[in-house]
Amino acid sequence: MTAAPDDWSHYALYADRLRLQGPDHLATVTTLWALVRAGLTDLPVPEGGSGTVGEPSDLPDGVGPDGVHLEGDHDELLSDLLVAAVDFQERQVARHGPDAPETLRATLSLAHAMAAANQYEGQRDHALILAQDAREGIDDLAVRSPETVGARDQEVARTLQHWILDLLGEDPTH
């Protein structure tokens with residue numbers, strides 16, 4: 001899954017669904033799930049990793065088990081997606097480094113999963129930080145190495161950042 005994103009059929013479909021249906025539409029979320037799962041099958045497990053997807057990670061500092069809420073129509077899907085997105089992003093960092101286009105795309109996937117799941121207080125704030133950082137990285141690569149990212153990457157980053165800002169009640173005007 002490290003090929004150019006234009007050749008990455010799930011990524012193209014995901015970008016189209018983001019644009020046409022929005023980040024919170026079930027079809028968009030299931031396409032993200034397919035994208036992440038396909039990426040995991042193609043990436044080696046980082047040294048020291050278990051290779052098991054679906055094991056919950058530690059909760060953030062200050063969040064106890066009673067602070068986690070799983071409710072809604074698709075809570076199981078979103079929970080599984082979030083766990084897989086964390087693993088996917090970690091594997092991309094281990095393989096390519098934190099500023100590589102592949103890692104930035106995986107970070108956007110993680111931001112989308114975090115914001116959609118919204119399992120604990122402040123999770124969307126964390127998702128926004130990830131989305132903003134990934135967007136800045138993609139915009140920087142578009143200038144420095146335009147062959148590594150494309151307009152689709154910038155559109156995905158912008159769409160996700162604006163959506164998360166909107167979820168947080170902030171004005172997504174940039």
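The values are calculated or read from the model by the stated rules, or taken from the named source; none is laboratory data. All values derive from a computational prediction rather than experimental measurement. Please note: Cβ atoms are built from the backbone with ideal geometry, for glycine as well, and neighbour counts cover all protein chains shown. Calculation scope for accessible area: heavy atoms of the full protein, side chains included, ligands and nucleic acids excluded. Shrake-Rupley method; radii C 1.70, N 1.55, O 1.52, S 1.80 Å.
Going by the conditions given, is residue 39 open to solvent by less than 50 Å² (accessible area, probe 1.4 Å), small (Gly, Ala, Ser), more than 24 Å from residue 154 (Cβ to Cβ) and modelled with pLDDT under 95? In short, no.
Per the conditions (1) modelled with pLDDT of 95 or more; (2) in contact with a Lys or Arg (Cβ under 7 Å, 6 or more places away or on another chain); (3) not small (Gly, Ala, Ser), the sole criterion not satisfied by residue 118 is (1). Could you tell me which residue of segment 114-147 is surrounded by the most Cβ atoms within 10 Å (Cβ to Cβ), considering only residues that are in contact with a Leu (Cβ under 9 Å, 6 or more places away or on another chain) and basic (Lys, Arg)? Result: 135. With respect to the stated conditions, residue 107 fails to be on the phi < 0 side of the Ramachandran plot, touching a His at 6+ places or on another chain (Cβ under 6 Å) and at pLDDT 90 or above. Looking only at residues of segment 92-113 that are among the small types (Gly, Ala, Ser) and surrounded by fewer than 24 Cβ atoms within 10 Å (Cβ to Cβ), we find that the one that is nearest to residue 80 (Cα to Cα) is 94.
Just name the residue that is modelled with the lowest pLDDT out of those in segment 6-23 that are out of contact with any helix residue (DSSP H, G or I) (no Cβ under 8 Å at 6 or more places or on another chain) and among the acidic types (Asp, Glu). Ranking the qualifying residues of segment 6-23, first place goes to 7. Summed over segment 148-160, the residues that are surrounded by 23 or more Cβ atoms within 10 Å (Cβ to Cβ) and either outside any helix (DSSP H, G or I) or among the polar types (S, T, N, Q) (or both) give a count of 1.
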